[in-house]
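These notes concern the structure reproduced below.
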Amino acid sequence: MAEPKTKYDRQLRIWGDQGQAALEKASICLLNCGPTGSETLKNLVLGGVGSITVIDGSKVELGDLGNNFMVDESCVGQSKAKCVCAFLQELNDAVKAKFIEEYPVTLIETNPSFFSQFTLVVATQLMEDSMVKLDRICREANVILIFARSYGLTGLVRISLKEHTVVESKPDHFLDDLRLNNPWPELKSFAESIDIDAQDPVALKHTPYVVLLIKTAEQWVKSHGGSLPSTREEKKEFKDLLKARMVALDGDNYKEAIEASFKVFAPRGISPDLQQILNDSCAEVGSNSSDFWVMVAALKDFISNEGGGEAPLEGSIPDMTSTTELYVNLQNIYQAKAEADFLVIEQRVRNILKKIGKDPLSISKTTIKSFCRNARKLKVCRYRSIENEINSPILPELQKYLTDEDYSTAVGFYILLRAVDRFAANYNSFPGQFDGGMDEDISRLKTTAVGLLSDLGCNGSTLTEDLINEICRFGASELHAVSAFIGGIASQEVIKLITRQFVPMPGTFIFNGIDHKSQILSL
């Protein structure tokens, strides 16, 4: 067997040892192992989750061979859960795999406590009433739940849990934490120790742009009543100061300084998103508070006191034109400040833990250090219960989606995926599922969808005939290509939730395979 470091090399570069360790501890339950469920679990097994449990009471039929790559002809007539489980086990022998031949709906009704043993449940192809019941069970047991469904050329993915906190959100674009608009004393002293007017041209060309910007900003503040550039004209004038020197010198560092000058104009202090987290009622901690909120409480105290309105410094600097000596010195100054901020927050965390009756050492140094490094990028995700969304969606949002040309197809599919469940409850089959009677099914589905919209408070709203016809034409089929796509999205969200890295989707993800579009509805 390959060494884990070699086996998982590429993904370790994305979520690191900590993320992989979290995956390897995770216990995943899959409900229904048709193509959508099998594709979801395949991705997680290849990623190295700790254990999987496959729940499905059906037998493999001939039709399954056309859309599920995890069964073959020899499986026909056998337990689908058993066959899929055996195939998945072959993909990664480090994963513990077991199956239970039971219909998920029966398990939800008769043994709700069964689900409390898992880290996360992936529920595929469930109808609305079962989704509501399972959601209640998992929320009560604090088990993460993901719903995934493919239906012809459409599908959905929906996360459900009370709260999910993210430290390593890893945004694609985020401003470097260089504090050029608010340098601390050591950084100021370093900049002041370099006299750019007295330097020879070669030395000046290798002065880091951080120093050039701090000195230019200082010069600006002195001649502009203590204020940094704020208007468009002032920002242009500031850049012109740098350009004037660059023309005389033609140095790459000045080009970098001009490109990075927006970092000087950035507002001081913390972002509105972080302020919202600090103002959250959970930041008032008690004995039941999670480690995340204990660290947020410490961060709040730090920003109000030692931080002077700023979050702890991250301590890293980007590459830039510089001599090795100046770059290393600058790097050391940033790292020393970051370490000093970390030590203050660590002490505050220990004091808070003691105060609320917990072990002061229960949160590790590594965890606190990671929190400090990512303090500006914290995220808190909260999800409405399925029952709330189904019975009382956010009406202004729903009405906006229905009238917005960009969202009308996505919300149309969302409504129709709910309408087909009502249809099935009334007529014991999905629209278009059996040959013959298509026109009658279209008429019935239209009536059902209009009734559903009316129940949701959208009287007078309608869905296009084309969309209703398409849903009936789908006949509740699971197409492999769509199932693989939905399974890929679902497994990606599972990894985000288990590793607590990256930000999971905030609402209901809808895939529109007709127009090749994916959208998220916040209802």
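Going by the structure shown, is V84 assigned by the TED database to the domain that holds E493, touching a helix residue (DSSP H, G or I) at 6+ places or on another chain (Cβ under 8 Å), in a helix (DSSP H, G or I) and surrounded by fewer than 22 Cβ atoms within 10 Å (Cβ to Cβ)? Spelling it out, it is not the case that V84 is assigned by the TED database to the domain that holds E493, touching a helix residue (DSSP H, G or I) at 6+ places or on another chain (Cβ under 8 Å), in a helix (DSSP H, G or I) and surrounded by fewer than 22 Cβ atoms within 10 Å (Cβ to Cβ). Applying the criterion of at least 2 residues that are β-branched (V, I, T) and assigned by the TED database to the domain that holds F87 to the helices (runs of 4 or more DSSP H) found wholly in the stretch 1-76 leaves 35-47.
Remark: pairs (first residue in the stretch 402-415, in the same structural domain as S461 (by the TED database) and closer than 17 Å to L456 by Cα; second residue in a helix (DSSP H, G or I) and among the polar types (S, T, N, Q); Cβ separation under 7 Å; 6+ apart in sequence or on different chains) = L402/S408.
Do we have T448 as part of a helix (DSSP H, G or I) and over 27 Å from L30 (Cα atoms) here? The answer is yes for T448. Of all residues in the stretch 380-402, none satisfies being open to solvent by 30 Å² or more (accessible area, probe 1.4 Å) and at positive phi.
A quick yes/no check of all residues on (1) of a type in the set (K, R); (2) within 16 Å of K162 (Cβ to Cβ); (3) out of contact with any Asp or Glu (no Cβ under 8 Å at 6 or more places or on another chain):
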residue	(1), (2), (3)
P104	no, no, no
N111	no, no, yes
S116	no, yes, yes
L120	no, yes, yes
L126	no, no, yes
L134	no, yes, yes
A141	no, yes, yes
I144	no, yes, yes
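Can you find even one residue in the stretch 247-265 that is open to solvent by less than 70 Å² (accessible area, probe 1.4 Å), touching a Lys or Arg at 6+ places or on another chain (Cβ under 9 Å) and in a loop (DSSP other than H, G, I, E, B)? Yes. From the residues in the stretch 294-313 that are touching a residue at least 24 places away in the same chain (Cβ under 8 Å), over 30 Å from T207 (Cα atoms) and not hydrophobic (A, V, I, L, M, F, W, C), which one is surrounded by the most Cβ atoms within 10 Å (Cβ to Cβ)? Here the answer is D301. Kindly provide the set of residues from the stretch 70-81 that are closer than 21 Å to Y103 by Cα and surrounded by fewer than 16 Cβ atoms within 10 Å (Cβ to Cβ), ordered by number. Within the stretch 70-81, V76, G77, Q78 qualify. Answer yes or no: is there a residue in the stretch 127-135 that is touching a residue at least 12 places away in the same chain (Cβ under 8 Å), out of contact with any helix residue (DSSP H, G or I) (no Cβ under 9 Å at 6 or more places or on another chain) and either outside the structural domain of V494 (by the TED database) or among the polar types (S, T, N, Q) (or both). Among the residues of the stretch 127-135, not one is touching a residue at least 12 places away in the same chain (Cβ under 8 Å), out of contact with any helix residue (DSSP H, G or I) (no Cβ under 9 Å at 6 or more places or on another chain) and either outside the structural domain of V494 (by the TED database) or among the polar types (S, T, N, Q) (or both), which makes the answer no. Annotation note: Cβ proximity below 6 Å between a residue of the stretch 314-341 that is over 27 Å from Q199 (Cα atoms) and a residue that is open to solvent by 30 Å² or more (accessible area, probe 1.4 Å) and not basic (K, R) (sequence gap 6+ or interchain) occurs for G315/Q335.
The values are calculated or read from the model by the stated rules, or taken from the named source; none is laboratory data. Keep in mind that what you see is a predicted model, and the values were worked out from it rather than measured. FYI the Cβ positions are ideal-geometry reconstructions off the backbone, even for glycines, and counts take in every protein chain you see. Accessible surface is based on the protein model in full, side chains and every heavy atom, while ligands, DNA and RNA are left aside. Shrake-Rupley method; radii C 1.70, N 1.55, O 1.52, S 1.80 Å.
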